[in-house]
């Protein structure tokens, strides 16, 4: 993802945590989720208006369910929105998302702390 794409996303989607240089992230996965959304937008999967509306709906639902909206859950909402839109747009399926999440958990369980997590075919076998 290039810095111009990140700048366009930051300008188009209100509420993105940012500083003077652009978006800021607390954890690496937040940056990865951001980059995936930017890439999918650039590929025409959704418009920024569509993304912003879906993200706003996700945040409103979370707040109604008790999210205190302290800013620390923003990218959790981002990720949930991303998952919903890729299923809605038929980029993937809910089953594939769950299978991949489970495979990641299996791989993480066997990986020593601090080592890179590597997915193997057997991680997808349940």
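The values are calculated or read from the model by the stated rules, or taken from the named source; none is laboratory data. From a predicted model like this one, the values you see are computed outputs, not experimental measurements. With ideal geometry, Cβ positions are generated from the backbone for all residues, glycine too; neighbour counts draw on all protein chains shown.
Listed conditions (1) modelled with pLDDT of 95 or more; (2) closer than 30 Å to residue 125 by Cα are all met by residue 46, apart from (2). Working only within region 69-95, note down all residues that are in contact with a helix residue (DSSP H, G or I) (Cβ under 9 Å, 6 or more places away or on another chain) and within 22 Å of residue 120 (Cβ to Cβ). Answer for region 69-95, where residues must be in contact with a helix residue (DSSP H, G or I) (Cβ under 9 Å, 6 or more places away or on another chain) and within 22 Å of residue 120 (Cβ to Cβ): 92, 93. The set of residues in region 93-126 that are within 14 Å of the chain's Cα centre (by Cα) and within 16 Å of residue 45 (Cβ to Cβ) contains only 97. Annotation note: Cβ proximity below 7 Å between a residue of region 99-126 that is at positive phi and a residue that is surrounded by 10 or more Cβ atoms within 10 Å (Cβ to Cβ) and in a helix (DSSP H, G or I) (sequence gap 6+ or interchain) occurs for 126/102. Once region 14-33 is narrowed to residues that are in contact with a helix residue (DSSP H, G or I) (Cβ under 7 Å, 6 or more places away or on another chain) and either under 20 Å from residue 87 (Cβ atoms) or at pLDDT 90 or above (or both), the residue that is surrounded by the most Cβ atoms within 10 Å (Cβ to Cβ) is 33.
All conditions but one from (1) in a loop (DSSP other than H, G, I, E, B); (2) surrounded by 12 or more Cβ atoms within 10 Å (Cβ to Cβ) apply to residue 96; the one that does not is (1).
For region 1-13, a residue qualifies if it is touching a helix residue (DSSP H, G or I) at 6+ places or on another chain (Cβ under 6 Å) and farther than 19 Å from residue 71 by Cα, and the qualifying residues are 1, 5.
I need every pair where a residue in region 27-41 that is farther than 15 Å from residue 16 by Cα has its Cβ under 6 Å from the Cβ of a residue that is crowded, with 18+ Cβ neighbours inside 10 Å and modelled with pLDDT of 95 or more, sequence separation at least 6 or different chains. The qualifying pairs do not exist here.
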